[in-house]
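Have a look at the structure below before the remarks.
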Amino acid sequence: MRGGRVGDRLLHLWTWLVIVWLSSPIAVMILFGFNDKKSKSNTTWQGFTLRWYGELFDIDDLTTALTNSLVIAVVSTAVTVVIGTMLGLALGRHRFRGKGVTNFLVFAAISTPELVMGASLLSLFVSGNVPRDSVTIIIAHVLFSLSFVVVTVRARVVGLDPSLEEAARDLGASAWGTFRQVTLPSILPGVLAGAMLSFALSIDDYVVTSFVNGSTVTFPLWIVGAVKTGIPPQVNVMGTLIFGIGVLIAIGNAVAARRRT
């Protein structure tokens, strides 16, 4: 008994150490958003200030890069959710020729290295004389995040009770009415989870975006380019706000799911 208790305590201690280790980069980012730096470098703590929150949008290039990232993430997420939800429904509910191949391609896209995907897309756009800009970035982001939405929606669809939809149709509901009032609310947690994952993958992507961006600069690209001259504290503040909004959305989604159950 004593050995079991000691083992449980060590396991709990190890779990908290891992959590602290994983959270430490985020904590440093948040902390240095309040650093009253006196030089270009923002790597040494020099005092507390709220100045950078008031000067958040004073760097025009950084603001433009953040705007580009947000617009691209929102658009790519919207497209990905629509296509991914339909594909997840098809794979989870229906049988058709090529289903096995489609499942293989979905998981192959997840396991494909970003370097390979970026180089492949660059070759495709160059061969087709497609100008690289925000549109090509959106196309790339849809391609690498689509599989994640498909997998989450498909997992939700597989767990649905088909009798609910059958009951709705027996009561006179149309196909669209059944989907809107029965199917969609049931798979909505999976759709929202896929949307959040797609948005997160898009807004912080660097590798694939660097191949297909052309002259368009996104938030991660701007940060990497600013490393040589020193990353300003506004980057920490923007990262903190993005992280905070993501946490609030996750908490809201969890609370809503708990109320539904």
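The values are calculated or read from the model by the stated rules, or taken from the named source; none is laboratory data. Here the structure is a predicted model, which means the values were calculated and not measured. Cβ: placed from backbone, ideal geometry, glycine included. Neighbour counts: every protein chain shown. Calculation scope for accessible area: heavy atoms of the full protein, side chains included, ligands and nucleic acids excluded. Shrake-Rupley method; radii C 1.70, N 1.55, O 1.52, S 1.80 Å.
Structure notes:
- Packing-based order for 173-180, 70-77, using average beta carbon neighbours within 10 Å, highest first: 70-77, 173-180
- Charge tally around Val212: other residues with Cβ under 15 Å, Lys/Arg +1 each, Asp/Glu -1 each, net -2.
- Stretchable slack from Phe104 to Tyr53, in nm (0.36 nm times residue separation minus alpha-carbon distance): 13.7 nm
- Theoretical gain in end-to-end length, Val28 to Ser120 [0.36 nm per residue, Cα-Cα removed]: 29.5 nm
- Within the chain, helices built from complete DSSP H runs that reach 24 Å or longer along their own axis (Cα positions) and carry a mean Kyte-Doolittle hydropathy of -1.0 or higher are 2-31, 60-93, 134-158, 184-203, 233-260.
- Ranking Leu31, Ile110, Leu70 by Cα position along the charge dipole of the chain, where only Lys, Arg, Asp and Glu carry charges on their C-beta atoms, puts Ile110 farthest toward the positive end.
- Heavy-atom accessible surface of segment 168-261: percent carbon and sulfur, 1.4 Å: 68 percent
- Length released on extending from Ile83 to Thr15, taking residue separation times 0.36 nm less the Cα-Cα span: 20.7 nm
- Where segment 1-109 is the region considered: accessible area per residue in Å², 1.4 Å probe: 70 Å²
- Residue-count net charge about Ala226 - beta-carbon cut-off 12 Å; Lys, Arg +1, Asp, Glu -1: +1
- Charged neighbours of Gly88, selected by a Cβ distance under 13 Å, balance to +4 (K, R count +1; D, E count -1).
- When the solvent-accessible area of segment 101-149 is split by element, carbon and sulfur atoms take up 74 percent of it, the probe being 1.4 Å.
- Per-peptide packing, taken as the mean over residues of other Cβ atoms within 10 Å, places 186-196, 52-62, 10-20 in the sequence 186-196, 52-62, 10-20 from highest down.
- Two-site FRET efficiency, Leu70 against Ala256, from Cβ-Cβ distance with R₀ of 22 Å, rounded to 0.05: 0.40
- Mean Cβ count within 10 Å, highest first, over the residues of peptides 97-110, 21-34: 21-34, 97-110
- Taking Cα centre as origin and charging only the Cβ of basic (Lys, Arg, +1) and acidic (Asp, Glu, -1) residues, the dipole magnitude of the chain rounds to 780 debye.
- Summarising the label geometry, the points placed 7 Å from Cα in the beta-carbon direction at Tyr206 and Leu248 lie 2.7 nm from one another.
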